[in-house]
Amino acid sequence: MKQHTYSVRVDWTGNDGTGTETYKGYRRDHVISAEGKPQIQGSSDPAFRGDATRYNPEDLLVASLSACHMLWYLHLCSANHITVLEYQDSASGVMEESSDGSGAFIKVQLAPKIKISAGDDRAKAITLHDEAHRLCYIARSVNFPVELAPEIVN
């Protein structure tokens with residue numbers, strides 16, 4: 001079996017001089033980087049004292065599921081002679097927080113809206129989402145349901 005390795009670096013940038021001496025005394029800001037790629041400005045969710053102008057890990061998890069699905073879907077459409085002209089996904093996820101502060105995602109919903117060439121097989125274009133979901137590396141790696149609500153638009 002072939003293996004692929006992915007390496008990123010995460011640097012905390014939220015030390016305002018006293019480190020984590022107090023819970024409210026530090027920012028959750030961090031920078032995600034990988035060689036040869038632009039940095040991602042990260043933080044925690046504002047509910048956890050984060051910066052709302054930065055991506056949080058939960059955003060990035062939902063985005064990873066959406067992007068992986070999209071890339072598989074585009075590949076499958078190309079292989080099945082369906083021409084995708086536009087693709088937009090309004091993905092959302094639900095995380096449930098426990099009383100001890102831990103939490104877990106309980107679901108993510110992908111809602112891609114796809115425009116295909118006139119005359120292409122609309123039914124096939126919809127069913128290819130199931131195959132894309134089956135093949136998506138990220139969806140296969142999570143322990144919560146990833147729901148699909150695809151739509152073909154004109």
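The values are calculated or read from the model by the stated rules, or taken from the named source; none is laboratory data. Note that the structure is a prediction, hence the values are computed from the model and not measured. For neighbour counting, all protein chains shown are included, and Cβ atoms are generated from backbone atoms with ideal geometry for every residue, glycine included.
A count restricted to region 107-151 and to residues that are touching a helix residue (DSSP H, G or I) at 6+ places or on another chain (Cβ under 9 Å) and among the hydroxyl-bearing types (Ser, Thr, Tyr) stands at 1. When region 82-102 is filtered for residues that are outside any strand (DSSP E or B) and farther than 12 Å from residue 149 by Cα, the ones remaining, listed by number, are 82, 83, 98, 99, 100, 101, 102. In the set (1) farther than 23 Å from residue 144 by Cα; (2) of a type in the set (Ser, Thr, Tyr); (3) within 17 Å of the chain's Cα centre (by Cα), the condition left unmet by residue 26 is number (3). The single condition among (1) surrounded by fewer than 16 Cβ atoms within 10 Å (Cβ to Cβ); (2) touching a residue at least 12 places away in the same chain (Cβ under 8 Å) that residue 44 does not meet is (1). The residues of region 103-154 that are in a helix (DSSP H, G or I) and among the basic types (Lys, Arg), listed by number, are 122, 124, 134, 140.
Which of (1) touching a residue at least 40 places away in the same chain (Cβ under 8 Å); (2) surrounded by 14 or more Cβ atoms within 10 Å (Cβ to Cβ) does residue 153 not meet, given it meets every other one? If we test residue 153 against (1) touching a residue at least 40 places away in the same chain (Cβ under 8 Å); (2) surrounded by 14 or more Cβ atoms within 10 Å (Cβ to Cβ), just (2) comes out false. Exactly one residue among 138, 126 is farther than 28 Å from residue 33 by Cβ and not basic (Lys, Arg), and that residue is 126.
Here is a yes/no grid of residues against (1) under 24 Å from residue 105 (Cβ atoms); (2) in a helix (DSSP H, G or I); (3) in the same structural domain as residue 145 (by TED's automatic domain parsing):
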residue	(1), (2), (3)
28	yes, no, no
35	no, no, no
38	no, no, no
63	yes, yes, yes
